[in-house]
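For reference, the structure is listed below as C-alpha cells.
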Amino acid sequence: MTCRSGSPAKPPEEPEVSEAFLALLDSDHVSARTRTIMRQRMATPDVVAVGHVLSPVLLEQLRCVVSRVLPQERVFGTAAIDLAARIALRLGSGGDGWRFAILPPDKRAYEMALETLDGAARRQHGNALETLPNDALDALLAQIVPGLPSDGPLNADQMRAWFSDLRADAVQIFMSYPATQAAFGISAIATGGDDIIQGFSRIGTDQRDAWEPQA
C-alpha cells in the first residue's frame, strides 16, 4: 500500500473467512457468546461511527501508518483488515481504562500523534503524512523509538509511548479477527459449546484434533 491520494480515506477490501473456519464457528465446539463476538468482529466497521471519532484525513493517515506497522500482504494478499477503522471504533468506546501517564486520553493521543507525525513529514519531506511513499513513511516511523525530532503537540517520549499503544492495538485487533485465526490455523475459540465443555484431546506440538480445520 502506498498512500498518495490526498483524498478521503478509502477502506480496504477485507479478507474472506474460510468456509472451514465458518463451519467450526457454527459448530457445537463454540459457545453462542463466542460465536456472536467473532461475527461482530467480521462486520464491516460503521462509517458513520468511525467518522464521529476520526476525521477523513486522520483516518487516512492512520491507515497509512498501520499499513507499514503491520503489513498484511503475506497473509491476505491484496485484501486487508481495516485495522485503522477498528482502532477508531475502539477509541470511541470506553476502552480498557488503561493508558500511559504521560499521554492524554486515547482518542486525543491518537489525534496529537498523527498531527506530530504529519508535522515531521512536512518538515523532512515537504509533503503531508498521507502522501508519503512507503520508504519515506518507513524512515519516518523508524525515528519514533530512538526519539522523533518534534515540534508537534507530542514530544519524543510521548510519541514513543503512543507508538507502543498503536502496535499493541494493531496486533490485538489483527490476531482477534476470524480471517487471521483461520489463516494461521488457530482453533482457540473451540473450547466447548453451551451445554458441554468439549475442549481438545490432542494438545502436543503440531497436533490437531480431527474436527479442527487445517490452516
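Things worth noting here:
- Selection of helices (runs of 4 or more DSSP H) fully inside the stretch 140-190 by the criterion of at least 1 residues being of a type in the set (Asp, Glu) returns 156-176.
- Applying the criterion of being in contact (Cβ under 8 Å) with a residue 40 or more places away in the chain and within 18 Å of VAL69 (Cβ to Cβ) to the residues of the stretch 150-162, the residue that is most open to solvent (accessible area, probe 1.4 Å) is GLN158.
- The C-beta contact set for the stretch 24-40 (first residue touching a residue at least 12 places away in the same chain (Cβ under 8 Å), second residue open to solvent by 40 Å² or more (accessible area, probe 1.4 Å), distance under 6 angstrom, 6+ apart or interchain) comprises LEU25/ARG35; HIS29/GLN198; SER31/ASP194; ALA32/ASP194.
- Figure legend. Inter-residue proximity from the stretch 178-206: first residues more than 30 Å from THR44 (Cα to Cα), second residues among the basic types (Lys, Arg) and open to solvent by 10 Å² or more (accessible area, probe 1.4 Å), beta-carbon distance below 9 Å, spacing 6+ or different chains. Indicated pairs: PHE200/ARG208; ARG202/ARG208.
- Selection status of ARG39, open to solvent by 40 Å² or more (accessible area, probe 1.4 Å) and modelled with pLDDT of 95 or more: yes
- Residue count, the stretch 163-206 (criterion: open to solvent by 80 Å² or more (accessible area, probe 1.4 Å) and either touching a Gly at 6+ places or on another chain (Cβ under 6 Å) or among the charged types (D, E, K, R) (or both)): 5
- Members of the stretch 69-120 found to be small (Gly, Ala, Ser) and either on the phi > 0 side of the Ramachandran plot or open to solvent by 40 Å² or more (accessible area, probe 1.4 Å) (or both), listed by number: GLY77, GLY92, SER93, GLY94, GLY95, GLY97, ALA101
The values are calculated or read from the model by the stated rules, or taken from the named source; none is laboratory data. It should be emphasised that the depicted structure is a prediction, and the values quoted were computed from it without experimental measurement. As a convention, Cβ positions derive from the backbone with ideal geometry for all residues, glycine included, and neighbour counts pool all protein chains shown. Remember, those area values only see protein heavy atoms, side chains included, never the ligands or the DNA or RNA. Shrake-Rupley method; radii C 1.70, N 1.55, O 1.52, S 1.80 Å.
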